[in-house]
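Reading through the structure tokens given below for one structure.
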């Protein structure tokens with residue numbers, strides 16, 4: 001596995017010459033990786049994908065594919081398969097003709113074409129649909145055909161631009177696994193763009209979280225969730241409790257902070273400033289323990305709201321002046337019984353409270 | 001609650017019924033029928049309007065193209081009374097087959113009929129009817145009717161003394177074919193055909209053959225105009241469909257501007273531009289492209305007709321194209337490019353086929369409009385740029401041979417219906433998008 005199959009080297013992009021949509025993007029991905037670009041709309045992730053596909057040109061910097069600079073290579077010579085948001089299946093061609101199109105423009109013979117189309121249809125379990133028109137297929141089936149068409153000419157790199165956005169929830173989850181398995185079986189390299197974090201976490205080897213034209217963090221899904229580098233990532237991925245605080249003292253990896261209500265607690269120093277500066281303490285709702293009074297971070301919480309969700313119980317508390325402090329209580333046989341209005345003891349490990357940049 | 005509702009629904013009889021015991025199926029059918037009737041009453045005014053102003057006149061026109069009964073009956077303009085005429089001659093035609101040499105009986109019948117014509121003053125109309133096919137017949141009829149009362153038997157010699165042309169077999173053939181209520185003569189004339197003395201169809205003399213030539217010219221010019229509007233309109237429609245809204249709105253206004261200008265103003269401004277001493281020639285001379293002596297003749301010929309009509313019909317091509325191009329997702333072409341197609345291949349294999357309904361609709365519209373166009377060729381066409389519609393207008397307004405005009409128009413209508421049928425077979429009428 002080469003470490004640098006796709007490389008973005010100090011890439012910038014501006015549409016109007018005034019504002020940068022993509023700011024100083026540096027990214028290297030090895031062959032065979034499934035990388036997801038995740039971010040809110042307008043964060044620059046689709047622009048990055050379009051630059052890679054060749055439909056947008058970078059205003060600054062270099063994009064390399066397999067060691068070769070591709071900035072000035074037109075899209076049709078890049079040999080990159082692409083799946084579009086709305087599938088973009090050609091409505092006037094049958095499914096087989098759609099799949100044969102990339103082979104035909106590459107000048108493959110008829111028998112080769114037929115063999116490859118047949119194989120691609122089998123790959124997505126759509127063999128009997130070759131003679132249909134795209135309009136005669138359901139959304140999920142069209143999605144499969146779009147996938148097969150992007151793969152039929154054996155590209156090394158496949159780009160997917162929110163390909164599951166138009167599908168309903170159940171089908172989307174099913175297709176997530178199918179795409180993941182295709183990736184594993186074929187050994188292709190995939191760059192996937194989505195704004196759906198659960199999709200990103202399910203499928204990817206690594207996720208690049210985009211915001212404001214910059215990659216905020218590039219890491220495997222578990223790292224991203226458990227060890228976010230900054231407040232944006234902590235807030236964007238999963239659920240997060242934030243407690244604004246001020247750094248009082250620093251001792252190795254641990255910082256002592258003063259919270260809004262004047263009390264102090266300990267947190268893991270990740271991305272906070274020197275003593276005296278503002279910080280944001282980030283705690284995942286499932287890492288809070290109820291009913292334990294020991295430990296450095298033990299405090300009182302007043303129960304504001306209890307929502308029963310079957311597998312767990314969601315509890316909204318007032319903690320350190322934050323009324324929106326969420327705790328998830330697993331629905332186990334002997335889980336603590338709480339009532340709205342009562343005050344309970346809560347605590348968390350210092351390692352689970354991450355001191356990040358203030359918002 | 002559950003008990004009371006279930007008792008309302010009859011489950012034992014097998015047929016559903018309404019609350020008052022009628023079968024539900026019949027009740028639903030009645031309700032749907034009355035809804036359909038109400039909808040029909042709403043469109044009834046339009047239907048009547050179309051019947052009165054469109055279907056009825058077209059039917060009458062087509063009727064007139066196969067029937068001009070002025071040789072068999074006379075309508076008194078004052079009283080509206082219908083009198084059969086030429087009864088004697090028509091009886092003789094019925095008794096003798098076509099090509100029979102007219103005998104004394106025939107001439108006697110003719111004289112009697114001419115006398116009758118004079119009595120009810122119908123000789124002009126009857127003569128005009130024959131005159132359409134046999135030029136000169138009108139004066140023979142008016143002159144003959146004036147003197148017929150004084151003629152003595154044998155009538156054959158008496159009539160031939162008056163005018164020898166009365167013996168012409170072609171005249172007798174014409175009178176025979178005009179004495180039926182229905183005739184194909186006008187359609188024959190419209191395709192430059194006539195009947196010889198024996199009733200066989202033959203081509204007319206070359207110097208009198210004009211209609212086929214004009215049909216051919218109309219067809220060729222219309223095809224040229226359609227192709228020109230397509231070539232000029234396609235990129236404009238593409239721009240309209242792909243530009244950001246604020247630019248495309250301005251462009252759309254420019255496209256529609258000709259619609260808001262009087263047709264006459266547009267046509268006459270082309271005269272100003274294109275005439276020999278006009279703007280275009282003046283500029284070409286002043287920049288030295290051509291000399292003053294060799295000014296280009298761009299108007300009052302086919303060039304003028306093509307230029308002016310292309311300009312006038314351009315919006316009819318652009319708008320259907322635009323309406324088809326607008327919803328074409330740009331990601332189709334992107335997908336084609338990412339799959340390895342050059343921009344030309346992506347256009348030819350993906351974009352162009354998707355615009356075919358628009359191309360077909362625009363071409364059909366422009367072609368049909370061009371085939372029937374009248375004012376512009378009349379103003380800028382000169383003699384060589386006239387189309388078949390100008391000749392139809394001539395027969396309607398000048399020669400007053402309405403039946404021939406109707407036959408020419410009928411041929412045009414038939415041709416367009418064939419075209420429409422072809423379009424339906426090739427593209428499908430469901431794909432027609434006109435805006």
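All of the numbers you see were taken from the coordinates with simple rules; none came from a lab. Computed from a predicted model, the values in this text were never measured in an experiment. So basically every Cβ, Gly included, is an ideal-geometry build from the backbone, and we count neighbours across all protein chains shown.
Based on the alpha-carbon gyration tensor of the range A:60-186 and its eigenvalue square roots a ≥ b ≥ c, which shape applies: rounded if a/c is under 1.5, prolate if not and a/b is larger than b/c, or oblate? Spell out each step's value before the answer.
Details: a/c = 1.77, a/b = 1.23, b/c = 1.45.
Oblate, since a/c reaches 1.5 and b/c is not below a/b.
Pop the C-beta distance of residue A:339 and residue A:181 into the FRET formula with R0 = 51 Å and round what comes out to the nearest 0.05. It comes to 0.60.
With only Cα atoms counted, the range A:239-356 has Rg and Dmax values of 14.3, 45 Å.
What does the average come to when, for each residue of peptide B:339-350, you count the partner chain Cβ atoms lying within 10 Å of its Cβ? Mind showing how you got there, number by number?
Numbers: counts 21, 16, 7, 5, 3, 0, 4, 4, 0, 0, 7, 6.
That average works out to 6.
Could you give the nm distance between label points at residue B:25 and residue A:132, where each point is 7 Å from its Cα heading toward the beta carbon? Once both label points are built, they end up 3.4 nm from each other.
Of B:222, A:111, B:179, how do they rank once you tally other Cβ atoms within 10 Å and put the fewest first? Walk me through the intermediate numbers first.
On the way: B:222 23, A:111 8, B:179 20.
Sorted ascending by nearby Cβ count, the order is A:111, B:179, B:222.
Between B:257, B:321, B:212, find the one with the highest GNM mean-square fluctuation for chain B; connect C-alpha pairs within less than 10 Å. Looking only at B:257, B:321, B:212, the biggest GNM fluctuation is shown by B:257. In the range B:181-326, the inverse of the mean reciprocal separation of distinct Cα atoms equals 19.0 Å; this is its Kirkwood hydrodynamic radius. Over all pairs of different C-alpha atoms in the protein assembly as shown, the reciprocal of the mean inverse distance, the Kirkwood hydrodynamic radius, equals 36.0 Å.
For B:402, B:172, the sequence from fewest to most other C-beta atoms within 10 Å is B:402, B:172. Here's the picture: a label point sits 7 Å out from the Cα of residue B:384 along the beta-carbon direction, and within the range B:282-299 the residues with their amide nitrogen under 19 Å of it are B:293-299. Projected onto its three principal axes, the C-alpha set of the range B:211-431 covers 63, 50, 29 Å, listed from the longest axis down.
Over 35 Å, how big is the tail of the calculated P(r) for chain B, in percent of all Cα pairs? Please report the intermediate quantities before stating the final value.
Numbers: 52263 of 94395 pairs.
Cα-Cα pairs of chain B separated by over 35 Å account for 55 percent.
From the Kirkwood radius over Cα pairs of the range A:9-54, Stokes-Einstein at 10 °C and 1.306 mPa s returns a whole-number translational diffusion coefficient of 136 µm²/s.
Among DSSP bridges having both ends in the protein assembly as shown, what percentage is antiparallel? Round to the nearest 5.
Details: 64 of 84 bridges.
Percent antiparallel among DSSP bridges in the protein assembly as shown is about 75.
If both residues of a DSSP beta bridge must be in chain A, then about 75% of such bridges are antiparallel.
What the Cβ-Cβ distance of residue B:393 and residue A:119 gives, at R0 = 60 Å and to the nearest 0.05, is a FRET efficiency of 0.35. Largest mean-square fluctuation among B:78, B:127, B:415, in a Gaussian network model of chain B whose springs join Cα atoms under 10 Å apart, belongs to B:78. What's the long-distance tail for the range B:69-206, i.e. % of Cα pairs beyond 27 Å? Across the range B:69-206, Cα pairs with separations above 27 Å total 16 percent.
Kindly identify the range A:173-226 as rounded, prolate or oblate by the Cα gyration tensor criterion: order the square roots of the eigenvalues as a ≥ b ≥ c, call it rounded if a/c is under 1.5, otherwise compare a/b with b/c, prolate if a/b is larger, else oblate.
Prolate is the answer for the range A:173-226, as a/c is 1.5 or above and a/b outweighs b/c.
Just so you know, the Cα atoms of the range A:180-317 work out to an Rg and Dmax of 18.2, 57 Å.
Stokes-Einstein diffusion for chain A at 20 °C, viscosity 1.002 mPa s, with a Kirkwood radius from C-alpha pairs, works out to 93 µm²/s.
Compared with the dominant Cα axis of chain A, that is its longest principal axis, helix A:169-186 is turned about 60°. Taking the centroid of alpha carbons for each part, the range A:114-134 and the range B:303-340 are 33 Å apart. Annotation: the range A:237-304 has a Kirkwood hydrodynamic radius of 12.9 angstrom, from the mean reciprocal C-alpha pair distance.
Listed by Cβ neighbour count within 10 Å, with the fewest neighbours leading, A:315, A:48 appear as A:315, A:48. Per residue of peptide A:142-151, the mean number of Cβ atoms on other chains within 10 Å of the residue Cβ is 1. Across peptide B:328-336, the mean count of Cβ atoms from other chains lying within 10 Å of each residue's own Cβ comes to 6. With R₀ fixed at 51 Å, the C-beta to C-beta distance from residue A:10 to residue A:296 puts the FRET efficiency at about 0.70.
Roughly how large, in nm² to one decimal, is the mean projection of the convex hull of the alpha-carbon atoms in the range B:107-164?
On the way: hull surface 13.9 nm².
That works out to 3.5 nm², a quarter of the Cα hull's surface.
Nearest 10 degrees is fine. How inclined is helix B:388-397 to the longest principal axis of chain B, computing both from alpha carbons? Tilt relative to chain B: about 50 degrees.
Largest GNM mean-square fluctuation across B:279, B:50, B:115, computed for chain B with C-alpha springs under 10 Å, falls on B:50. For chain B, the longest principal axis of the alpha carbon atoms and the long axis of helix B:211-242 meet at an angle near 10°.
The label point for residue A:323 and the one for residue B:52, both projected 7 Å from the Cα toward the Cβ, are 7.3 nm apart. Gap in Å between the Cα centre of the range A:184-199 and the Cα centre of the range B:204-237? Comparing the Cα centres of the range B:204-237 and the range A:184-199, I get a distance of 58 Å.
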